[in-house]
Amino acid sequence: MEMLDDLESLRFEYGVPEEERYWLYLQGRYRGLMIKGCAHAAFFCKMFSDLSNLLQKLPRTIHPRTVSFDATVTEDEKLTVGIIGCGHLGKQLANVLLKTVPIPAENLQISTRRPDSLVELRKLGVRCVYDNTAVASWAKVLFLCCLPAQLPNICLEIQSRLEKSCTVYSFVAAIPLPRLKSLLNHTNIIRPQYQFVEDFDDIWGENEEVPAALQDSTIIRGTCPYNNLGGVILNVKWLEGLCYALINACTTRSVFHSQVLKLLNKLFLSMHLESCKTDPTSCPKFQLTNFMNKSYVKNLYHKRPFPWFDLTTVQLKETPFSQHISATRSLQDHITLLYCESFGLTISEEELPYVSTVIQPPEDED
């Protein structure tokens, strides 16, 4: 393909009339959305994988009404990921999860109408089938990468097989959260939302696969949750959904809320700024009131798990965590630091103002 680089007549743009070349910017927008969406999904899974590892190290002190069988603990806490729909997005996502998180091939399953076409993924050891219900009932995190027209039938097929604890992560942008909640009869749903700016620098490259693109430091910076570099802006309510989804995962295992706060502090605040060393009081720590109303906290028994949170409500309405994270710049910086580090990129505190641009979440049009 390198031999063709200088042959103008073989380029995509060659056949586009001059008066229509304005629309070529959509190529960069599409690629940016693909890379950013896969990067955020990878970070989401990495946080769940790290939580699973931490939960395995916990002493088995859980809610007294819960019966525990230690022999099944490791198996139960292993992160399993399913993908329904494996077109271009599904394939890119699968490769990113395998290479970037990384998720072991035996912990990833894909359901698609043409499983035989996924030769490379099958060679890696990924189970590829056409069985939506089997994948949905097995996965702890389930990605929906199908077409909008296919979604109602898929939801009807899998809704009775979803575990309450399964986090459904939807890339089907045309279906709003309330509708998705109704179709699935499920509340543990994440749906990232993106906005676009008209004038932007196309940083996303051209022909690289997404896992290769996520080796580029400029692209990694562009995918940061608080960054609008590259013209694609993530609604930061996604971060809230991630935090509450992790809490729900702990609630499923009946972990006391005091222990959950310690786990969240380890997960999100293990990377420290230089200012944290000089002024330890500036280093943020999660408190119960960051996630629940003060009146509810007063009546919460100290040896109890968190309540179950409806993730669709979390992403559509103001929460205590919305107010906390928007008012705490140091927390935003810590999350940015952690995000970059998860992709192997170390950034200095001086770079943070350029990487972590505070963006208010856009109004939800759902």
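The values are calculated or read from the model by the stated rules, or taken from the named source; none is laboratory data. Keep in mind it's a predicted model, so treat the numbers as computed, not measured. Here Cβ is always computed from backbone atoms with ideal geometry, including for glycine, and neighbour counts include all displayed protein chains. SASA here: full protein model, heavy atoms, side chains in, ligands and nucleic acids out. Shrake-Rupley method; radii C 1.70, N 1.55, O 1.52, S 1.80 Å.
A probe of 1.4 angstrom, applied to the heavy atoms of all protein chains, finds Ile154 with accessible area near 20 square angstrom.
Near Glu350, once Lys and Arg are set to +1 and Asp and Glu to -1 for all other residues with Cβ below 13 Å from its Cβ, the sum equals -4. For Arg329, the accessible surface of its heavy atoms amounts to roughly 100 Å² (probe 1.4 Å, protein chains only, rounded to the nearest 10).
The orientation-averaged shadow of the Cα convex hull for segment 241-298, equal to a quarter of the hull surface, comes to 4.7 nm². Solvent-accessible area of Met271, all protein chains in place: 50 Å² (probe radius 1.4 Å, heavy atoms, ligands and nucleic acids excluded).
Scaled against the 2.2 N^0.38 Å expected of a compact globular protein of N residues, the Cα radius of gyration of segment 221-366 reads 1.08.
Heavy-atom accessible area with a 1.4 Å probe sorts Asp310, Asp131, largest first, into Asp131, Asp310.
Accessible area per residue (1.4 Å probe, heavy atoms of protein chains only) ranks Asp116, Asp279 as Asp116, Asp279, with the largest value leading.
The length gained by stretching the chain between Lys123 and Thr313 to full extension, at 0.36 nm per residue less their Cα-Cα distance, is 64.4 nm. Qualifying chymotrypsin sites (Phe, Trp or Tyr not before Pro) in segment 318-354, where qualification requires a DSSP coil assignment and no more than 14 other C-beta atoms within 10 Å, are lacking entirely. For Ile190, the residues whose modelled amide H falls within less than 5 Å of its own, excluding neighbours fewer than 5 places apart on the same chain, are Val168, Tyr169, Ser170.
Length gained on full extension, Asn265 to Asn228: 10.7 nm, using 0.36 nm per residue less the C-alpha separation.
Here the accessible area is traced with a 1.4 Å probe on the protein chains. For segment 117-256, carbon and sulfur cover 47 percent of it.
By the equivalent-ellipsoid construction on the alpha carbon gyration tensor, segment 153-203 comes out with semi-axes of 29, 11, 9 Å, ordered largest to smallest.
When a/c reaches 1.5 or more, the comparison of a/b and b/c decides; with that in mind, is segment 75-215 rounded, prolate or oblate per its Cα gyration tensor? Taking the square roots of the gyration eigenvalues as a ≥ b ≥ c, segment 75-215 is oblate. Take the Kirkwood radius over Cα pairs of segment 282-354, plug it into Stokes-Einstein at 10 °C and 1.306 mPa s, and you get 109 µm²/s for translational diffusion. Among the trypsin sites (Lys or Arg not before Pro) found in segment 137-242, those both in a DSSP coil and sparsely packed, with 14 or fewer other Cβ atoms within 10 Å of their Cβ, are Lys164.
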